[in-house]
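The values are calculated or read from the model by the stated rules, or taken from the named source; none is laboratory data. Just so you know, these numbers come straight off a predicted model, no measurement behind them. Note that each Cβ is placed from the backbone with ideal geometry, even for glycine, and that neighbours are counted across all protein chains shown.
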């Protein structure tokens, strides 16, 4: 097989719809836009969710409940197999080392170590959270784990966000 023999599968390519090419084409006169109306005009379209001036359904439905996603901490996830392939034995792995290798990027509330893969090297890992399996695998390989004190800051921030403004000003 050569490059000049390559072709798309039959039926994969469609002819372009030729609009306004006479009545017998089936797309003449109004070119598939129907008669008059907003969508028949050039530039005539409506934004998503617009219902012609009627009160949109998203505004008609009642809003109930509480969504806690604003307060949920977001952790950057790092797996053991990634550390195994990127770091030498005896390395000290902290947030700065992970960011320098672009394993962690962007804003987050901390780093969580997970147990995917296996570990043969011994590391000193400094993270905010870890799974029990990751801790077990790391310590079995001769490594050590340091948990940072960042979780108290996250808890304090959540309390400040949830507290009324008068209580925050007093604190």
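Summary table
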quantity: Residue satisfying condition, being surrounded by fewer than 17 Cβ atoms within 10 Å (Cβ to Cβ), closer than 14 Å to residue 145 by Cβ and either modelled with pLDDT of 90 or more or in contact with a helix residue (DSSP H, G or I) (Cβ under 6 Å, 6 or more places away or on another chain) (or both), within set 120, 124; calculated: 124
quantity: Which listed residue is modelled with pLDDT under 95 and in contact with a helix residue (DSSP H, G or I) (Cβ under 6 Å, 6 or more places away or on another chain), from 110, 90; calculated: 110
quantity: Selection from the range 134-171 of residues that are closer than 16 Å to residue 78 by Cα and either at pLDDT below 75 or out of contact with any strand residue (DSSP E or B) (no Cβ under 8 Å at 6 or more places or on another chain) (or both); calculated: 136, 137
quantity: Boolean, residue 129 is loosely packed, with under 15 Cβ neighbours inside 10 Å and either in contact with a helix residue (DSSP H, G or I) (Cβ under 8 Å, 6 or more places away or on another chain) or modelled with pLDDT under 90 (or both); calculated: no
quantity: Output for the range 122-152, where each listed residue is within 17 Å of residue 95 (Cα to Cα), under 25 Å from the mean Cα position of the chain (by Cα) and part of a loop (DSSP other than H, G, I, E, B); calculated: 128
quantity: The range 126-143, residues that are under 12 Å from residue 113 (Cα atoms) and without any contact (Cβ under 8 Å) to a residue 40 or more places away in the chain; calculated: 126, 130, 131, 132, 133, 135, 136
